[in-house]
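A.B. asks: One structure coming up, written as structure tokens, with questions to follow.
The values are calculated or read from the model by the stated rules, or taken from the named source; none is laboratory data. None of the values given here were measured: they were computed from a predicted structure. As a convention, Cβ positions derive from the backbone with ideal geometry for all residues, glycine included, and neighbour counts pool all protein chains shown.
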Amino acid sequence: MKDIIRLPSDLGRAVMQERKASKMKATDIALRAGRARDVLYRLEQGEDVTVSSLMAILGAMGLTIRIERAGMPSLEDVQRRFGSADEDDDAAAS
């Protein structure tokens, strides 16, 4: 997994994709992590979970986090975060 994670929704999507690609069951991950299955589902939906729960879930999945400088976001990152300019133009025209 080499996704750039900038938002909680990005993290959730990456965790879900990794879980499904590895054919891991949510109940098995939760059991290994010592967390309720609902915590994993909240994480996958981009909702808030504690850092300790995040680390426990990632550890149970055999994943880690790497910290690096963000640099400037790409145009795609900005559009995904704030919507495209075309959407604003469409709304203004209405």
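Results for (1) over 25 Å from Asp77 (Cα atoms); (2) assigned to a loop (DSSP other than H, G, I, E, B), shown as yes or no for each residue.
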residue: Arg6; (1), (2): no, yes
residue: Leu11; (1), (2): no, no
residue: Val15; (1), (2): no, no
residue: Val39; (1), (2): yes, no
residue: Ser52; (1), (2): yes, no
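A.B. asks: I need the full set of residues from segment 17-29 which are touching a helix residue (DSSP H, G or I) at 6+ places or on another chain (Cβ under 8 Å) and more than 11 Å from Met61 (Cβ to Cβ), in order please.
C.D. replies: Thr27
A.B. asks: Still on this structure, please answer the following. Can you tell me which residue among Arg66, Arg35 is in a loop (DSSP other than H, G, I, E, B), more than 13 Å from the chain's Cα centre (by Cα) and modelled with pLDDT of 95 or more?
C.D. replies: Going through Arg66, Arg35 in turn, just one is in a loop (DSSP other than H, G, I, E, B), more than 13 Å from the chain's Cα centre (by Cα) and modelled with pLDDT of 95 or more: Arg35.
A.B. asks: Oh, and also: It is to be established whether one or more residues within segment 44-54 are touching a residue at least 12 places away in the same chain (Cβ under 8 Å) and of a type in the set (Ser, Thr, Tyr).
C.D. replies: Yes, some residue in segment 44-54 is touching a residue at least 12 places away in the same chain (Cβ under 8 Å) and of a type in the set (Ser, Thr, Tyr).
A.B. asks: Sticking with this structure for a sec: Arg81 - would you say it is surrounded by 15 or more Cβ atoms within 10 Å (Cβ to Cβ), part of a helix (DSSP H, G or I) and not aliphatic (A, V, I, L, M)? Working first, answer last.
C.D. replies: Values: surrounded by 15 or more Cβ atoms within 10 Å (Cβ to Cβ): no; part of a helix (DSSP H, G or I): yes; not aliphatic (A, V, I, L, M): yes.
Here the answer is no, as Arg81 does not meet what is asked.
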